[in-house]
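Presented below is the structure to which this report refers.
The values are calculated or read from the model by the stated rules, or taken from the named source; none is laboratory data. Keep in mind that this is a model prediction, so the values were computed, not measured. With ideal geometry, Cβ positions are generated from the backbone for all residues, glycine too; neighbour counts draw on all protein chains shown. What goes into the accessible areas is simple: the full protein's heavy atoms, side chains included, and nothing from ligands, DNA or RNA. Shrake-Rupley method; radii C 1.70, N 1.55, O 1.52, S 1.80 Å.
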Amino acid sequence: MSTRRTRAKRELAAVSVVILVVAVLMGVAYVKVNQPERDQREISIGLVGDADEEIWKAVQHELDQRRAGITIKLRSFQYGRYANQALANKEIDLNAFQHYAFLEQESKQHGYRFAAIGDTYISPLNLYSKKYRSIDQIGHGERLAIPSDPIDLGRSLKVLASAGLIGLRDPKATTPVPEDIVDNPRGLVLDQVDPPGIVKVLPDYAAGITNTNFILDAGMKIQDAIYQVPGDLKSPANHPYVNIIVARQADKNDAAYKALVSAYHSRYVADAINRYYRGAAVPAFSY
(Lines give C-alpha, C1' and ligand atoms only; values in the text may rest on other atoms or scores of the structure.)
Protein backbone atom coordinates (compact mmCIF):
# COMPACT_ATOMS: atom_id res chain seq x y z
CA MET A 1 0.00 0.00 0.00
CA SER A 2 2.79 2.40 0.91
CA THR A 3 4.43 1.84 -2.48
CA ARG A 4 1.20 2.67 -4.31
CA ARG A 5 0.68 5.79 -2.20
CA THR A 6 4.25 6.94 -2.84
CA ARG A 7 3.84 6.41 -6.60
CA ALA A 8 0.52 8.29 -6.59
CA LYS A 9 2.08 11.21 -4.73
CA ARG A 10 4.92 11.36 -7.22
CA GLU A 11 2.52 11.34 -10.17
CA LEU A 12 0.40 14.04 -8.54
CA ALA A 13 3.49 16.13 -7.90
CA ALA A 14 4.59 15.73 -11.52
CA VAL A 15 1.17 16.75 -12.79
CA SER A 16 1.20 19.77 -10.48
CA VAL A 17 4.58 20.85 -11.83
CA VAL A 18 3.32 20.56 -15.42
CA ILE A 19 0.21 22.59 -14.60
CA LEU A 20 2.32 25.22 -12.89
CA VAL A 21 4.70 25.50 -15.85
CA VAL A 22 1.81 25.80 -18.32
CA ALA A 23 0.20 28.48 -16.15
CA VAL A 24 3.41 30.47 -15.97
CA LEU A 25 3.94 30.26 -19.73
CA MET A 26 0.36 31.36 -20.39
CA GLY A 27 0.81 34.24 -17.98
CA VAL A 28 3.98 35.38 -19.76
CA ALA A 29 2.22 35.17 -23.12
CA TYR A 30 -0.68 37.22 -21.75
CA VAL A 31 1.67 39.93 -20.52
CA LYS A 32 3.45 40.10 -23.87
CA VAL A 33 0.19 40.44 -25.78
CA ASN A 34 -1.51 42.88 -23.46
CA GLN A 35 1.38 45.07 -22.38
CA PRO A 36 3.72 47.10 -24.62
CA GLU A 37 7.38 46.31 -24.60
CA ARG A 38 9.28 48.33 -22.04
CA ASP A 39 11.51 49.95 -24.66
CA GLN A 40 8.61 50.93 -26.95
CA ARG A 41 8.48 54.74 -27.31
CA GLU A 42 5.19 56.49 -28.09
CA ILE A 43 5.42 59.78 -29.98
CA SER A 44 2.33 61.96 -30.25
CA ILE A 45 2.02 64.09 -33.38
CA GLY A 46 -0.42 66.94 -33.95
CA LEU A 47 -2.04 67.29 -37.38
CA VAL A 48 -4.66 69.62 -38.84
CA GLY A 49 -7.59 67.56 -40.09
CA ASP A 50 -7.05 63.95 -41.07
CA ALA A 51 -5.73 64.21 -44.64
CA ASP A 52 -2.23 63.05 -43.68
CA GLU A 53 -3.25 59.99 -41.68
CA GLU A 54 -2.49 57.62 -44.57
CA ILE A 55 1.00 59.07 -44.88
CA TRP A 56 1.69 58.54 -41.17
CA LYS A 57 0.49 54.95 -41.48
CA ALA A 58 3.24 54.52 -44.05
CA VAL A 59 5.75 56.07 -41.62
CA GLN A 60 4.62 53.64 -38.91
CA HIS A 61 5.06 50.74 -41.34
CA GLU A 62 8.61 51.88 -42.09
CA LEU A 63 9.39 52.24 -38.38
CA ASP A 64 8.09 48.73 -37.73
CA GLN A 65 10.16 47.34 -40.57
CA ARG A 66 13.23 48.91 -38.99
CA ARG A 67 12.28 47.60 -35.53
CA ALA A 68 12.66 51.15 -34.26
CA GLY A 69 10.56 50.57 -31.14
CA ILE A 70 8.43 53.65 -31.87
CA THR A 71 4.64 53.93 -31.92
CA ILE A 72 3.05 56.98 -33.53
CA LYS A 73 -0.06 58.47 -31.93
CA LEU A 74 -1.88 61.06 -34.05
CA ARG A 75 -3.95 63.90 -32.67
CA SER A 76 -6.07 66.03 -35.00
CA PHE A 77 -6.72 69.75 -34.53
CA GLN A 78 -9.17 72.01 -36.35
CA TYR A 79 -6.73 74.89 -36.77
CA GLY A 80 -2.98 75.14 -36.97
CA ARG A 81 -2.70 77.63 -34.14
CA TYR A 82 -4.19 75.04 -31.78
CA ALA A 83 -1.61 72.45 -32.84
CA ASN A 84 1.17 74.92 -32.09
CA GLN A 85 -0.34 75.81 -28.72
CA ALA A 86 -0.52 72.11 -27.83
CA LEU A 87 3.14 71.64 -28.77
CA ALA A 88 4.19 74.64 -26.68
CA ASN A 89 2.16 73.31 -23.72
CA LYS A 90 3.76 69.84 -24.05
CA GLU A 91 0.39 68.22 -24.78
CA ILE A 92 1.96 66.60 -27.87
CA ASP A 93 5.54 65.74 -28.80
CA LEU A 94 5.64 67.01 -32.39
CA ASN A 95 3.37 68.54 -34.98
CA ALA A 96 3.36 68.22 -38.77
CA PHE A 97 0.99 70.53 -40.62
CA GLN A 98 2.78 73.81 -41.33
CA HIS A 99 5.42 75.13 -43.68
CA TYR A 100 8.40 77.30 -42.83
CA ALA A 101 6.54 80.54 -43.59
CA PHE A 102 3.70 79.72 -41.21
CA LEU A 103 6.12 78.60 -38.50
CA GLU A 104 8.04 81.86 -38.84
CA GLN A 105 4.86 83.92 -38.50
CA GLU A 106 3.59 81.93 -35.51
CA SER A 107 6.93 82.11 -33.73
CA LYS A 108 7.14 85.87 -34.14
CA GLN A 109 3.56 86.36 -32.99
CA HIS A 110 3.59 84.01 -29.99
CA GLY A 111 7.25 83.71 -29.08
CA TYR A 112 7.37 79.95 -29.67
CA ARG A 113 10.75 78.26 -29.32
CA PHE A 114 10.24 75.61 -31.99
CA ALA A 115 12.59 73.89 -34.42
CA ALA A 116 11.96 72.25 -37.79
CA ILE A 117 13.48 68.76 -37.57
CA GLY A 118 12.52 67.38 -40.98
CA ASP A 119 10.97 68.36 -44.32
CA THR A 120 7.88 66.46 -45.48
CA TYR A 121 6.25 67.71 -48.70
CA ILE A 122 5.28 70.81 -50.63
CA SER A 123 1.79 71.52 -51.95
CA PRO A 124 1.79 73.49 -55.22
CA LEU A 125 -0.22 76.73 -55.37
CA ASN A 126 -1.22 77.28 -58.99
CA LEU A 127 -3.41 79.51 -61.16
CA TYR A 128 -6.63 77.99 -62.52
CA SER A 129 -9.31 79.23 -64.89
CA LYS A 130 -12.69 78.14 -66.24
CA LYS A 131 -12.50 80.71 -69.04
CA TYR A 132 -8.99 80.56 -70.41
CA ARG A 133 -6.34 78.01 -71.30
CA SER A 134 -3.37 80.36 -71.06
CA ILE A 135 -2.35 83.35 -68.96
CA ASP A 136 -1.80 85.22 -72.23
CA GLN A 137 -5.60 85.27 -72.70
CA ILE A 138 -6.22 87.23 -69.48
CA GLY A 139 -7.24 90.72 -70.58
CA HIS A 140 -6.80 94.21 -69.18
CA GLY A 141 -8.80 95.05 -66.05
CA GLU A 142 -9.99 91.50 -65.42
CA ARG A 143 -10.53 90.13 -61.92
CA LEU A 144 -8.54 87.37 -60.24
CA ALA A 145 -9.50 85.51 -57.06
CA ILE A 146 -6.69 85.03 -54.53
CA PRO A 147 -6.71 83.50 -51.02
CA SER A 148 -7.65 85.77 -48.12
CA ASP A 149 -5.43 83.85 -45.69
CA PRO A 150 -2.38 86.08 -45.01
CA ILE A 151 0.26 83.43 -45.75
CA ASP A 152 -1.35 82.07 -48.92
CA LEU A 153 -2.25 85.61 -50.01
CA GLY A 154 1.43 86.49 -49.98
CA ARG A 155 2.30 83.26 -51.70
CA SER A 156 -0.35 83.86 -54.40
CA LEU A 157 1.15 87.28 -55.14
CA LYS A 158 4.48 85.56 -55.69
CA VAL A 159 2.77 83.12 -58.06
CA LEU A 160 1.36 86.03 -60.07
CA ALA A 161 4.77 87.69 -60.08
CA SER A 162 6.37 84.44 -61.27
CA ALA A 163 3.81 84.33 -64.08
CA GLY A 164 4.74 87.89 -65.09
CA LEU A 165 1.29 89.28 -64.34
CA ILE A 166 2.46 91.66 -61.60
CA GLY A 167 5.71 92.98 -60.16
CA LEU A 168 6.59 93.09 -56.46
CA ARG A 169 8.72 95.58 -54.53
CA ASP A 170 10.77 92.74 -53.00
CA PRO A 171 10.48 89.50 -55.00
CA LYS A 172 12.28 87.63 -52.19
CA ALA A 173 9.77 88.59 -49.47
CA THR A 174 8.05 85.53 -47.99
CA THR A 175 4.65 87.13 -47.36
CA PRO A 176 4.14 90.20 -49.54
CA VAL A 177 0.85 92.13 -49.34
CA PRO A 178 -1.13 93.87 -52.12
CA GLU A 179 0.52 97.17 -51.18
CA ASP A 180 3.83 95.62 -52.30
CA ILE A 181 2.66 95.45 -55.92
CA VAL A 182 4.70 97.99 -57.89
CA ASP A 183 3.80 96.86 -61.40
CA ASN A 184 0.42 95.80 -62.75
CA PRO A 185 0.61 96.24 -66.53
CA ARG A 186 -2.81 94.69 -67.21
CA GLY A 187 -4.57 96.60 -64.45
CA LEU A 188 -5.77 93.36 -62.87
CA VAL A 189 -8.20 93.51 -59.93
CA LEU A 190 -7.32 91.10 -57.14
CA ASP A 191 -10.22 89.97 -54.96
CA GLN A 192 -9.43 88.20 -51.68
CA VAL A 193 -11.68 85.16 -51.29
CA ASP A 194 -11.88 82.44 -48.63
CA PRO A 195 -9.62 79.67 -50.08
CA PRO A 196 -12.21 76.83 -50.07
CA GLY A 197 -14.67 79.03 -51.98
CA ILE A 198 -12.36 80.02 -54.82
CA VAL A 199 -13.07 76.90 -56.90
CA LYS A 200 -16.83 77.63 -56.74
CA VAL A 201 -16.43 81.20 -57.96
CA LEU A 202 -13.89 80.45 -60.71
CA PRO A 203 -16.55 80.88 -63.46
CA ASP A 204 -17.01 84.47 -62.26
CA TYR A 205 -13.32 85.31 -62.54
CA ALA A 206 -10.68 85.33 -65.25
CA ALA A 207 -8.65 83.02 -63.01
CA GLY A 208 -8.03 82.13 -59.39
CA ILE A 209 -5.36 80.70 -57.11
CA THR A 210 -6.17 78.14 -54.44
CA ASN A 211 -4.78 75.11 -52.62
CA THR A 212 -4.45 71.86 -54.54
CA ASN A 213 -6.60 69.89 -52.09
CA PHE A 214 -9.59 72.10 -52.96
CA ILE A 215 -8.88 71.57 -56.66
CA LEU A 216 -8.89 67.78 -56.26
CA ASP A 217 -12.02 67.86 -54.07
CA ALA A 218 -13.79 69.71 -56.90
CA GLY A 219 -12.94 66.94 -59.37
CA MET A 220 -10.31 69.00 -61.18
CA LYS A 221 -6.71 68.03 -61.88
CA ILE A 222 -3.44 69.73 -61.01
CA GLN A 223 -2.71 69.68 -64.74
CA ASP A 224 -5.76 71.92 -65.32
CA ALA A 225 -3.73 74.89 -64.08
CA ILE A 226 -3.05 77.58 -66.67
CA TYR A 227 0.13 78.42 -64.77
CA GLN A 228 2.21 76.25 -62.46
CA VAL A 229 5.09 77.55 -60.41
CA PRO A 230 8.31 75.75 -61.34
CA GLY A 231 8.69 72.90 -58.85
CA ASP A 232 12.42 73.09 -58.17
CA LEU A 233 12.64 72.26 -54.46
CA LYS A 234 16.16 73.70 -54.34
CA SER A 235 14.84 77.09 -55.36
CA PRO A 236 14.86 79.65 -52.51
CA ALA A 237 11.46 80.80 -53.77
CA ASN A 238 9.89 77.44 -52.88
CA HIS A 239 11.67 76.77 -49.58
CA PRO A 240 9.34 78.84 -47.33
CA TYR A 241 6.40 76.67 -48.41
CA VAL A 242 7.91 73.26 -47.68
CA ASN A 243 5.93 71.51 -44.95
CA ILE A 244 7.86 70.36 -41.91
CA ILE A 245 7.90 68.23 -38.76
CA VAL A 246 8.25 70.56 -35.79
CA ALA A 247 9.58 69.94 -32.26
CA ARG A 248 10.23 72.12 -29.26
CA GLN A 249 13.70 73.67 -29.52
CA ALA A 250 14.90 71.87 -26.40
CA ASP A 251 13.94 68.46 -27.86
CA LYS A 252 15.21 68.83 -31.43
CA ASN A 253 18.07 66.35 -30.96
CA ASP A 254 15.95 63.59 -29.43
CA ALA A 255 17.19 60.26 -30.85
CA ALA A 256 13.68 58.86 -31.32
CA TYR A 257 12.62 61.97 -33.24
CA LYS A 258 15.63 61.55 -35.53
CA ALA A 259 14.65 57.92 -36.13
CA LEU A 260 11.11 59.01 -36.98
CA VAL A 261 12.34 61.63 -39.47
CA SER A 262 14.66 59.04 -41.04
CA ALA A 263 11.70 56.69 -41.52
CA TYR A 264 9.69 59.53 -43.07
CA HIS A 265 12.53 60.23 -45.50
CA SER A 266 12.25 56.78 -47.04
CA ARG A 267 11.24 55.64 -50.50
CA TYR A 268 8.27 53.77 -49.01
CA VAL A 269 6.82 57.00 -47.57
CA ALA A 270 7.67 59.03 -50.69
CA ASP A 271 5.79 56.49 -52.80
CA ALA A 272 2.84 56.71 -50.39
CA ILE A 273 2.74 60.52 -50.75
CA ASN A 274 2.82 60.32 -54.54
CA ARG A 275 0.21 57.57 -54.66
CA TYR A 276 -2.18 59.13 -52.15
CA TYR A 277 -1.96 62.79 -53.12
CA ARG A 278 -1.64 62.40 -56.90
CA GLY A 279 0.35 65.60 -57.29
CA ALA A 280 -1.44 67.63 -54.64
CA ALA A 281 1.67 67.14 -52.51
CA VAL A 282 5.21 66.37 -53.64
CA PRO A 283 7.89 64.79 -51.40
CA ALA A 284 10.36 67.49 -50.34
CA PHE A 285 13.16 65.20 -49.22
CA SER A 286 15.83 62.95 -50.68
CA TYR A 287 15.33 59.18 -50.43
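Overview of values
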read-out	value
The chain: relative contact order as a whole-number percent, Cα under 8 Å and 6+ apart	26
Flagged links, alpha-carbon separation over 21 Å, of 57/258; 172/234; 73/221; 57/200	73/221; 57/200
Heavy-atom accessible area per residue - the chain, 1.4 Å, Å²	57
Apportionment of accessible area to carbon and sulfur, the chain, percent (1.4 Å)	50
Residues whose placed amide H lies under 5 Å from that of residue 126, excluding near-sequence neighbours	210
For the chain, the Rg and Dmax computed from alpha carbons only, in angstrom	27.8, 117
Percentage relative contact order, the stretch 155-200, counting C-alpha pairs under 8 Å, at least six apart	31
Phi to ³J(HN,Hα) by Karplus 6.51 cos²θ - 1.76 cosθ + 1.60 over the stretch 76-86, Hz, x for Gly, Pro	9, 10, 6, 10, x, 4, 6, 5, 6, 4, 5
Net +/- balance of residues flanking residue 193 in space, Cβ distance below 12 Å, scoring K and R +1, D and E -1	-3
For the chain, calculated [θ]222 nm from helices alone, where every DSSP H run of n ≥ 4 adds -39500 (n - 2.57)	-12000 deg cm²/dmol
Distance histogram for the stretch 126-229 (every C-alpha pair counted, 5 angstrom bins, percent rounded to whole numbers)	2, 14, 26, 28, 19, 9, 2, 0
Neighbour cut-off at most 15 other Cβ (10 Å), DSSP loop, trypsin sites (Lys or Arg not before Pro), the stretch 76-120	90, 113
Charge dipole (the stretch 126-229, unit charges on Cβ, about Cα centre) - positive-most of 225, 206, 184	225
5 angstrom amide H check on residue 118, placed H, neighbours 5+ away	245
Residues whose placed amide H lies under 5 Å from that of residue 44, excluding near-sequence neighbours	73, 93, 94
Percent RCO, i.e. relative contact order, over the stretch 126-229, from Cα pairs under 8 Å lying at least 6 residues apart	45
